[in-house]
Amino acid sequence: MLDLRRLRLLHELHRRGTVGAVAEALSYSPSTVSQQLRVLEREAGTELFEPAGRRVRLTDAALVLVTHAESLLAGVERAEADLAAAAAGAVRGVVRVGSFQTASLHLLLPAMAELRGTHPDVEVQLVEAETEPALEALRSHAIDLALADEWSGSPRPARPGIERADLFVEPVQIALPAGHPSAAGDGPVALGELAGSTWAVGYERGGMAELVRRVCAERGGFEPDVRHRTNELSMLLGLVAQGHAVTLLPALALRGVPPAVAVRAVAGADLSRVVFTATRAGAGHRPALAAVLAAIGSGVPTSPSG
């Protein structure tokens, strides 16, 4: 009989390409992953792997198993949800949440405080993660819920087996030192005025960094002089407040902005960020996960710019 845990390893090998990547994602040693895959091959009674340089290639038989593994993992998820819903009426359990910093601070922490009063038997475990790693962890069953974001011009492709629910859309504006020449007045700032400024952005290839590069090129006709990189939006705000840089920030990160920072709209551009939740298909019926989603939803700002 095929073992579901080993099928999961095969599924992850198909997605990630190497035994080492599977081991890192699932917190196993590479030797353990290799040993379990060899056991799976014996259970299957046919060759599942063939050498391909330093990697292994999945045979046609293995690809058949991968397809069934996806269905089986989704079925187990639904079964667990139905079982939890049928149990004694109590809402309890552990919900592992992957979330980026501002969503953790402004959405998840208030939700956890609410759950302490409404569902004290629900335990939320936070793993700080940017959107792409969080969505990967969700597909790998390492977490149960991802709080994620999507920036203007960088839509995230739909992922099989993942359900997305948008929480809100918030404007993205320019944050610049209050003493910056372009900070005068209250009107929108033309990006061309900031061609000579130092910029702070998120990590390379992230949605925020790509947004800055794209709008500076399209609306300002220049390549931004990026000298600081961090995905912590509070740190970006601190760099601006200390006069080290300018940047683009979403409304959630601009709550309680200090007097040393001026916030202006971008002239001629409607920039935004979508904040959304992601769960595995069918998992939202789990009472504990449903309670966490409801608590997060109750704290969604009706006016994110406020």
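The values are calculated or read from the model by the stated rules, or taken from the named source; none is laboratory data. Being a predicted model, the structure only gives us computed values, none of them experimental. With ideal geometry, Cβ positions are generated from the backbone for all residues, glycine too; neighbour counts draw on all protein chains shown.
Quick check, is Ala209 part of a helix (DSSP H, G or I), without any contact (Cβ under 8 Å) to a residue 24 or more places away in the chain and under 17 Å from Glu130 (Cβ atoms)?
yes
Within the stretch 270-280, can one find any residue that is more than 30 Å from Leu115 (Cβ to Cβ) and of a type in the set (Asp, Glu)?
Within the stretch 270-280 (the criterion being more than 30 Å from Leu115 (Cβ to Cβ) and of a type in the set (Asp, Glu)), the answer is yes, since at least one residue qualifies.
List pairs: first in the stretch 155-173 and among the aromatic types (Phe, Trp, Tyr), second surrounded by 14 or more Cβ atoms within 10 Å (Cβ to Cβ) and part of a strand (DSSP E or B), Cβ under 7 Å, 6+ apart or cross-chain?
Between residues of the stretch 155-173 that are among the aromatic types (Phe, Trp, Tyr) and residues that are surrounded by 14 or more Cβ atoms within 10 Å (Cβ to Cβ) and part of a strand (DSSP E or B), the close pairs are Phe168/Val275.
Which members of the stretch 1-18 meet the condition of being more than 18 Å from Leu73 (Cα to Cα) and at pLDDT below 80? Quick ask: steps written out before the conclusion?
Residues of the stretch 1-18 that are more than 18 Å from Leu73 (Cα to Cα), as a first pass: 17-18.
Scanning the stretch 1-18 gives a single hit, Gly17.
When you go through Ser99, Ser140, Ser104 one by one, which is the residue that is within 14 Å of the chain's Cα centre (by Cα) and over 23 Å from Glu204 (Cβ atoms)?
The unique qualifying residue is Ser140.
Looking at Glu114, Glu136, which is the one that is part of a helix (DSSP H, G or I), in contact (Cβ under 8 Å) with a residue 60 or more places away in the chain and closer than 15 Å to Val292 by Cα?
On inspection, the qualifying residue turns out to be Glu114.
If a residue has to be β-branched (Val, Ile, Thr), buried (at least 18 other Cβ atoms within 10 Å of the Cβ) and either part of a strand (DSSP E or B) or without any contact (Cβ under 8 Å) to a residue 12 or more places away in the chain (or both) to count, how many in the stretch 26-69 make the cut?
Total satisfying the criteria: 1.
Please go through (1) assigned to a helix (DSSP H, G or I); (2) more than 30 Å from Val292 (Cα to Cα) for His228 and return the number of the only condition it doesn't satisfy.
Single failed check for His228: (1).
Among the candidates Gly238, Gly268, which residue alone is under 21 Å from Ala184 (Cα atoms), modelled with pLDDT under 95 and in contact with a helix residue (DSSP H, G or I) (Cβ under 7 Å, 6 or more places away or on another chain)?
Gly268
Listed here are the residues, each with its yes/no results for (1) of a type in the set (A, V, I, L, M, F, W, C); (2) over 18 Å from the mean Cα position of the chain (by Cα); (3) within 27 Å of Ile162 (Cβ to Cβ); (4) at pLDDT 90 or above.
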position: Arg227; (1), (2), (3), (4): no, yes, no, yes
position: Thr247; (1), (2), (3), (4): no, yes, no, yes
position: Arg255; (1), (2), (3), (4): no, yes, no, no
position: Thr277; (1), (2), (3), (4): no, no, yes, yes
position: Gly282; (1), (2), (3), (4): no, yes, yes, no
position: Arg286; (1), (2), (3), (4): no, yes, yes, no
position: Val300; (1), (2), (3), (4): yes, no, yes, no
